[in-house]
Structure formats: structure tokens, C-alpha cells
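Chemist: Quick one: the structure is below, questions incoming.
The values are calculated or read from the model by the stated rules, or taken from the named source; none is laboratory data. The structure presented is a predicted model; accordingly, all values stated were derived computationally and were not measured. As a convention, Cβ positions derive from the backbone with ideal geometry for all residues, glycine included, and neighbour counts pool all protein chains shown. These accessible areas exclude ligands, DNA and RNA; they are computed on the full protein's heavy atoms, side chains included. Shrake-Rupley method; radii C 1.70, N 1.55, O 1.52, S 1.80 Å.
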Amino acid sequence: MPQDDRNTLEVLKSELNFVKRGRYGRFPREPWRAQLFLEDSPTCMNYDCKENQTPCAECLLMQFVPANKYGEKHPCRHIPLTSDGQTLFQMYRGGTEQEIEEALAIWLEREIAKLENVESPASLSA
């Protein structure tokens, strides 16, 4: 499975910071296209990489992708973000950029809290 050696908690925190700072706004070099959440940020191992891309199967985000979506071209688009299982793939078809950004931020906050509880020594004594 993932061979991405980055720290999951740190990557999710960085992504949340990226979202909250409005970094998914239109890029000056590509103002004609909407940004792709997770893919158009430093969270993606292939961010700004046109050649020699790393397979998505090696990304640490794969731990959040349902097993039946591992083979998709962009598996991170299939991570369930909302309580009812909405994914980026689904939200791109019917959600606004603001709705997607909010759903992603909430998901990131939830996953960060889970990881912090697992890694926290206080959680071991509770």
C-alpha cells in the first residue's frame, strides 16, 4: 500500500492550513480552470510534477480511500468527506467550490482530531 513516508498528521494539518488560507483560489497561470482539491496542493505527491509522476497507490491518502476505489485514476477524489459519504468526485458534479472547500475542511479537522487522539499519550491513560 502507501510508500509515502510523510507524516499523515502533518500532511493533513498542512492541507487544512492550505484550505483555510484560500490557496485553492484560481492560479494566475491557469485562470481558466477550477482547482482540483487535494490534487492542486502540496498534499499531492505529484503537485507541480508533469514528468515521472509517482503512482497514486503510493500516496498516504490511500488509507482514506475505500478499497473498491483503489484502481481509480484519481483515488483521492473518492475519499468520503461528509457524514453521508459525499466524495470530491460527487461534489465536483453538483457542489460549489465553497461547499467543497467547507466539506474538505471539516473532514480534515475530523481526521486530524482522530490522529491526535491516537498519538496523544493522554488518550492512552483514559
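Chemist: Hey, what number do you get for the chain at 222 nm if only DSSP H runs of n ≥ 4 count, each worth -39500 (n - 2.57), divided across all residues, to the nearest 500?
Modeler: One gets -12000 deg cm²/dmol as the mean residue ellipticity at 222 nm.
Chemist: A further question follows. Here is the link list: Lys50/Lys114; Lys13/Lys50; Lys13/Lys114. Which ones come out longer than 23 Å on Cα distance?
Modeler: Working: Lys50/Lys114 34 Å; Lys13/Lys50 25 Å; Lys13/Lys114 12 Å.
Distance filter (> 23 Å) returns Lys50/Lys114; Lys13/Lys50.
Chemist: Here is a follow-up. Per residue, how much accessible area does the range 17-87 show when a 1.4 Å probe rolls over the protein heavy atoms, in square angstrom? Before the final figure, lay out each step's value.
Modeler: Values: 4270 Å² over 71 residues.
With all protein chains present, the range 17-87 gives 60 Å² per residue.
Chemist: In the range 1-109, which trypsin sites (Lys or Arg not before Pro) fall in coil by DSSP and have 10 or fewer other Cβ atoms within 10 Å?
Modeler: Qualifying residues, ordered by number: Arg21, Arg29, Arg33, Lys50, Lys73.
Chemist: To the nearest 20 Debye, how big is the dipole of the range 54-126 about its Cα centre, given +1 on the beta carbon of each Lys and Arg and -1 on that of each Asp and Glu?
Modeler: Details: 6 positive and 11 negative charges, 66 e Å.
It comes to approximately 320 debye.
Chemist: Computing the accessible area with a 1.4 Å probe over protein heavy atoms, can you report the carbon and sulfur percentage for the chain? Present the calculation step by step, with values, prior to reporting the outcome.
Modeler: On the way: 3890 of 7820 Å².
Ligands and nucleic acids excluded, carbon and sulfur give 50 percent.
Chemist: Considering only the other residues whose Cβ falls under 9 Å of the Cβ of Met45, what net charge follows from Lys and Arg at +1 and Asp and Glu at -1? Numbers along the way, then the final one.
Modeler: Values: positive: Arg6; negative: Asp4, Glu58.
Taking every other residue near Met45 into account, the sum is -1.
Chemist: Let me know the whole percent of all Cα-Cα pairs from the range 77-121 that are separated by more than 15 Å. Intermediate results must be reported in sequence, preceding the final value.
Modeler: Values: 433 of 990 pairs.
I get 44 percent for the Cα pairs in the range 77-121 exceeding 15 Å.
Chemist: Under unit Cβ charges (Lys, Arg +1; Asp, Glu -1), what dipole magnitude, rounded to 20 debye, does the chain have relative to its Cα centre? The partial results should precede the final answer.
Modeler: Numbers: 15 positive and 20 negative charges, 59 e Å.
Roughly 280 debye for the chain.
Chemist: Here is a follow-up. Quick one: angle between helix 8-20 and the longest Cα principal axis of the chain, in degrees between 0 and 90, rounded to 10, please.
Modeler: Approximately 50 degrees, to the nearest ten.
Chemist: Related question: Could you tell me how many degrees, from 0 to 90 and to the nearest 10, lie between the Cα long axis of helix 97-119 and the main elongation axis, the longest principal axis, of the Cα atoms of the chain?
Modeler: The two axes meet at around 20 degrees.
Chemist: What is the ratio of the Cα radius of gyration of the chain to 2.2 N^0.38 Å, with N the residue count, to two decimals? Before the final figure, lay out the partial values.
Modeler: Working: Rg = 15.0 Å, N = 126, 2.2 N^0.38 = 13.8 Å.
Against the compact-globule rule of thumb, the ratio is 1.08.
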